[in-house]
1. Given (1) open to solvent by 50 Å² or more (accessible area, probe 1.4 Å); (2) modelled with pLDDT under 90, where does SER128 come up short, assuming only one miss?
2. Any residue at all in the stretch 224-233 that's modelled with pLDDT under 90 and either loosely packed, with under 11 Cβ neighbours inside 10 Å or within 30 Å of LEU65 (Cα to Cα) (or both)?
3. Based on what the data block shows, is LEU171 surrounded by 13 or more Cβ atoms within 10 Å (Cβ to Cβ), modelled with pLDDT under 90 and closer than 26 Å to SER227 by Cβ?
4. Name the single residue, out of those in the stretch 191-213 being surrounded by 11 or more Cβ atoms within 10 Å (Cβ to Cβ) and of a type in the set (S, T, N, Q), that is nearest to LEU171 (Cα to Cα).
5. Check every one of the strands (runs of 3 or more DSSP E) wholly within the stretch 42-115 and list those with 3 or more residues that are open to solvent by less than 30 Å² (accessible area, probe 1.4 Å) and touching a residue at least 24 places away in the same chain (Cβ under 8 Å).
6. When you go through LYS216, LYS153 one by one, which is the residue that is modelled with pLDDT under 90 and surrounded by 12 or more Cβ atoms within 10 Å (Cβ to Cβ)?
Amino acid sequence: ILGAIVLYYLGRTLSMKNQELKISRNLLAAEKENLRIMLSSIGDGVISADSSGNVIFLNEVAKKLTGWHDESGIGRPFKEVFNIINEYSREKSDDPVKKVLETGNVIELANHTALIAKDGTERSIADSAAPIRDEKGDLKGVILVFRDVTEEKMKQSEIEYLSFHDQLTGLGNRRYMEIHLKRLEDKAYLPVSVIMGDANGLKLTNDAFGHIMGDKLIYKAAEVLKSVCRNEDVICRYGGDEF
């Protein structure tokens, strides 16, 4: 009888443990699925690599930006899937996953980094890579989050260009000239020659024929100056009709 009671309670305890384990597994699976859905639905690209530097996860944005569609990138070396170069030097950039695995620190990509997709498409990107650690603090992998900043950089370049150039003629504006004058204060540039002039008859042209014709006069004057100056010379539209 005593043996039967012990077996009964052992069986009951084992059944409860199995039930708890099942519940834990279900919770873990649900949590994993929620994480997968969240990573798949965010607007940034997400790539995860294991401790060997091989890709184990790409969300849909990452697949689109890298050109490794479906699951073709899974299991491949990270640097093969995430091919990055410096936009200006065209040299291959350092592997951020390798850096994280070596240092255990969060790594941000350098400025002017471009991602070369599998089909050769080039995009400017900004991103950061962070270590993945287990409950003991051991490094188990790396997660990289990145975004396409190509359009953002183009708009920024356009704003910078307009802030230093005259919209009508394309010449440097007053601000552009003042910056260059400060640079030319260096003895290496001396002596410096400066020519100032204006376009005669602009007010008369505007009054008689309208501002469209006045703009054409300014534009033609700018074209003449460009045709007689060297590439290293600085030409600016200082004011309304002043160059």
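1. Result: SER128 fails condition (1) only.
2. Looking through the stretch 224-233, at least one residue is modelled with pLDDT under 90 and either loosely packed, with under 11 Cβ neighbours inside 10 Å or within 30 Å of LEU65 (Cα to Cα) (or both).
3. Answer is no for this residue.
4. That would be ASN200.
5. Filter on the stretch 42-115 gives 45-50.
6. Criteria check complete, one pass: LYS153.
The values are calculated or read from the model by the stated rules, or taken from the named source; none is laboratory data. Please read these numbers as outputs of a predicted model, since none were measured by experiment. No Cβ is skipped: glycine too gets one built from the backbone with ideal geometry, and neighbour counts run over all protein chains shown. Heavy atoms of the whole protein, side chains included, go into the accessibility calculation; ligands, DNA and RNA do not. Shrake-Rupley method; radii C 1.70, N 1.55, O 1.52, S 1.80 Å.
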